[in-house]
Amino acid sequence: MRLNPFAGAYLTDPAGVWARLLDGDGGVHHDEELGLWLISRHADVRRALADARSFGNALTLAPVYDVCPEALALVAQIDAPPTTAAADPPVHPRTRRALRVTFANTPERVEQRYGRLVRRRVDELVSRLAARGGEEVDLVTAFTAELPLLVLLDILGVPARDVPRIRSWADGQIALIWGRPDPAEQVRLAGGLLEFWRYCQDLVRRRIDGGGDDYVTELLAYRHGDDEVLTVAEVSSIVFNLLVAGHETTAGLLAHALERALAEPDRWRSFAERPERVPAFLAETLRFAPAIDGWLRVTNRPVTLGGVTIPAGARCLLLIGAANRDPAAFRHPNRFDPERPDAHDHLSFGHGPHFCIGAALARLEAGTALTRLAAALPGLRPAPGHHRAFRPNLAFRAHRALPVTVAAPVPSGRRPAV
């Protein structure tokens, strides 16, 4: 079975490819060109995400192509220890505990700690959009990519002036690891990634020397000078990973949600009038159009799924997007239905020990953004003639652009209290 995430129909709408994979015997296939085992059924993807003994994370952040020697030499200088996505036991339970203690990860804690911050950033961006009435605006650059990054930088205590280069570094990491850049581009991206790592190290060093009132300082306080709790390098690595995963996935969720919502004007207007509908809409968006539709694992031992045995040491692509469309798990899986009762069974935030630590924050940001943007700009519409396109990538499904026409704003008094 062939899967090309870098060109062709898969870039426009992968649902047809997912359907063929799900229809195949066992839902497990080996893709010779990618050199990956494709796992597509919901039960199997869920099992792989939960079974850290059989499916390891050591190669999760390793490119799936042959990196040129010049780029490899640059990457080799990045001495970031595995702490989150690429960590396995016994390291991962320890670093995960640090995140659970220090990072707000429940709806109540997230609202208490970050609710006001999120609303302030949303309102700033909504006001900028409202000021551009009558113009065509790309929501990706003006809103969906901007909001999660601004919120995360506020949490980490990073100055807003660093937004452009952090976004460039984060996009570069995604392209280097899960894309397929040519050798010259590999060298450029690897150089940027090394700069990114050094930036994170410097950020942590400054907090050690001068302290602060932000998440990095809180993480260092949790460490309390004890390397058995966390090393300084591990704190830097956690920041390094948060500065990518902490905003790119939420940006994807926002873009997918806005695309679905704006396609139906009545639904879009209803978000301002009935904001209680938004959580179910977001759950269905996560199921139907995940920001990460594939994730990598490596088998630590032979594993049999659906009658197919995957050998030890094999790299596997867990097709989260396909699992979310599995008819064995979801009735009418290719129908977008915010009222479906099983939408929360999606795997878009993962499952098991690596379940996304920022899921509650992502939901808060997306929900606040939809309700406040719909209240201020009920006449927002997709720009005519736009054909959606995604960046070529094995894991992240990110819109290249989301152009809209901005109508005149609604007076601020009509915004709901969210």
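Calculate, in nm to one decimal, what Asp123 and Arg94 gain on full extension: separation in residues at 0.36 nm each, minus their alpha carbon distance.
Separation in residues times 0.36 nm, less the Cα-Cα distance, equals 6.7 nm.
Need one number: nm distance between label points at Asp66 and Glu136, each 7 Å from Cα along Cα→Cβ, rounded to one decimal.
Roughly 4.3 nm, to one decimal.
Taking R0 as 56 Å, what FRET efficiency do you get between Thr304 and Asp13 from their Cβ-Cβ distance, rounded to the nearest 0.05?
Rounded to the nearest 0.05, the efficiency is 0.95.
In debye, nearest 20, what is the charge dipole magnitude of region 79-223 about its Cα centre with +1 on Lys and Arg Cβ and -1 on Asp and Glu Cβ, if you could check?
That gives region 79-223 a dipole magnitude of about 520 debye.
I'd like to verify something in the chain: which complete DSSP H helices, judged by Cα projection on the helix axis, reach 24 Å or more and average at least -0.5 on the Kyte-Doolittle scale?
Those that pass (Cα extent of 24 Å or more, hydropathy at least -0.5) are 183-210, 232-262, 359-376.
For the chain, with only Lys/Arg (+1) and Asp/Glu (-1) charged at the beta-carbon, what is the dipole magnitude about the Cα centre, in debye rounded to 20? It would help to have the intermediate numbers written out before the result.
Numbers: 50 positive and 49 negative charges, 174 e Å.
So the dipole magnitude of the chain works out to roughly 840 debye.
By how many nm would the segment from Ile208 to Ala407 lengthen if fully extended, with 0.36 nm per residue of separation less the alpha-carbon distance?
In short, 66.8 nm is gained.
What residue among Gly306, Ala255, Thr83 has its Cα farthest toward the positive end of the dipole of the chain, where the charges are +1 on Lys, Arg and -1 on Asp, Glu, each on the Cβ?
So the residue furthest toward the plus end is Ala255.
How do His30, His256, His387 stack up against each other in accessible area, from largest to smallest, with a 1.4 angstrom probe?
Putting His30, His256, His387 in descending order of accessible area: His387, His30, His256.
So who's got an amide H within less than 5 Å of the one on Arg381, skipping anything under 5 residues away but keeping other chains? H placed 1.01 Å off N, in plane.
When sequence neighbours closer than 5 places are left aside, the close amide H contacts are Thr405, Ala407.
Taking H placed 1.01 Å from N in the peptide plane, check which residues at least 5 places from Phe390 or on another chain put their amide H under 5 Å from its amide H.
Arg400
If packing is taken as the mean number of other Cβ atoms within 10 Å per residue, what is the order of 398-406, 168-176, highest first? Display every interim value, and only then the final one.
Values: 398-406: 18.8, 168-176: 20.6.
Packing order, densest peptide first, comes out as 168-176, 398-406.
Around Ile292, which amide H atoms from residues at least 5 apart in sequence, or from another chain, sit under 5 Å from its own amide H, with H modelled in the peptide plane?
Arg397
What length, rounded to one decimal in nm, is gained on full extension from Arg381 through to Arg116, with 0.36 nm per residue of separation minus their alpha-carbon distance?
Full-extension gain reported as 92.6 nm.
The values are calculated or read from the model by the stated rules, or taken from the named source; none is laboratory data. In this text the structure is predicted, and so the values were computed from the model without any measurement. Don't worry about glycine lacking a Cβ; one is built from the backbone with ideal geometry, like all the others, and counts go over all protein chains shown. Note: accessible area is taken over every heavy atom of the protein model, side chains too, but ligands, DNA and RNA are not part of it. Shrake-Rupley method; radii C 1.70, N 1.55, O 1.52, S 1.80 Å.
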